[in-house]
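Asks: I have a structure here, written as structure tokens, and I will follow up with some questions on it.
The values are calculated or read from the model by the stated rules, or taken from the named source; none is laboratory data. This structure is a prediction, so every number in the text was calculated from the model and none was measured. Quick reminder, even Gly has a Cβ in these numbers, built from the backbone with ideal geometry, and neighbours come from all protein chains shown. Just the protein is used for accessible areas: all its heavy atoms, side chains included, with ligands, DNA and RNA removed. Shrake-Rupley method; radii C 1.70, N 1.55, O 1.52, S 1.80 Å.
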Amino acid sequence: MRYIILFVGFFVFASCDNKSSYQPPSTPQPVEPVINDTPVVEPEPPKVYVVDDIIGKWNVTLKCTETSCDWVKVDDMKPETWLISKEGDLIKINVLDNKETASSYDGIFRGGSMRFQGTQFDGLRTGKSTIIASIEKDDVIEGTREVLVDEPCKIVYTVTAKKD
């Protein structure tokens, strides 16, 4: 038994003493996570939208979702053209109706979200209007427009805009 211990001790001592053949472990390579034999693909970070992404002409569809005004019904659709521009730090929307400005809005745009306030005209009535929207994907804006008319009544529209 004594010879076995000496032999094992010599072997351990000899293997620790042979440093010239020692190779440090290589740097591990990143391993792609796998679930059910399918590589996991990391989603790309969401795009950060800037003001230049919304500047220009937009074809807009408004759909009434709520109203207390007697001349508008729920589900009524209304097409518009928006011209969005930048003046200093302010973003402007001019709404065209038959190629004339029917209403205008001033507001802000940050990181894909926007909020505009303005006055809406329809030839007979005037109302205060608020647009709250965001870019849902490239060249598409979605949101709501709420109109408070002087009569008094209220109209709420969903807004879908596609860049022209």
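Asks: How about the stretch 87-114: which of its residues are under 14 Å from residue 141 (Cβ atoms) and among the polar types (S, T, N, Q)?
Replies: 113 - this is the single residue of the stretch 87-114 that is under 14 Å from residue 141 (Cβ atoms) and among the polar types (S, T, N, Q).
Asks: Here is a follow-up. Can you list residue pairs whose Cβ atoms sit under 8 Å apart, with the first residue in the stretch 139-164 being at positive phi and the second being charged (D, E, K, R) and part of a strand (DSSP E or B)? Count only pairs 6 or more apart in sequence or on different chains.
Replies: These pairs meet every condition: 139/162; 139/163.
Asks: While we're on this one: How many of the residues making up the stretch 81-94 are without any contact (Cβ under 8 Å) to a residue 24 or more places away in the chain and in contact with a strand residue (DSSP E or B) (Cβ under 6 Å, 6 or more places away or on another chain)?
Replies: 3
Asks: Please name all residue pairs, on different chains or six or more residues apart, with Cβ atoms under 6 Å, provided the first residue is in the stretch 96-118 and is closer than 13 Å to residue 52 by Cα and the second residue is part of a loop (DSSP other than H, G, I, E, B) and among the aromatic types (Phe, Trp, Tyr).
Replies: Sorted first by the residue in the stretch 96-118, then by its partner, the pairs are 112/49.
Asks: Quickly run through the stretch 94-119 and pick out the residues that are of a type in the set (Ser, Thr, Tyr) and either open to solvent by 50 Å² or more (accessible area, probe 1.4 Å) or on the phi > 0 side of the Ramachandran plot (or both).
Replies: Residues satisfying the conditions are 101, 104, 113.
Asks: Does the stretch 19-34 include one or more residues that are at pLDDT below 60, farther than 30 Å from residue 149 by Cα and in a strand (DSSP E or B)?
Replies: Among the residues of the stretch 19-34, at least one is at pLDDT below 60, farther than 30 Å from residue 149 by Cα and in a strand (DSSP E or B), which makes the answer yes.
Okay, residues lined up against (1) more than 18 Å from residue 65 (Cβ to Cβ); (2) not small (Gly, Ala, Ser):
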| position | (1), (2) |
| --- | --- |
| 116 | yes, yes |
| 127 | no, no |
| 132 | no, yes |
| 150 | yes, yes |
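Asks: Being within 17 Å of residue 55 (Cβ to Cβ), in a strand (DSSP E or B) and open to solvent by 20 Å² or more (accessible area, probe 1.4 Å) is the filter here; which residues of the stretch 138-164 pass it?
Replies: Correct list: 162, 163.
Asks: May I pose another question? Give the stretch 35-63 a look and list any residue that's open to solvent by 100 Å² or more (accessible area, probe 1.4 Å), more than 14 Å from residue 91 (Cα to Cα) and at pLDDT 75 or above, or say none.
Replies: Hits for the stretch 35-63 are 41, 42, 43, 44, 45, 47, 48.
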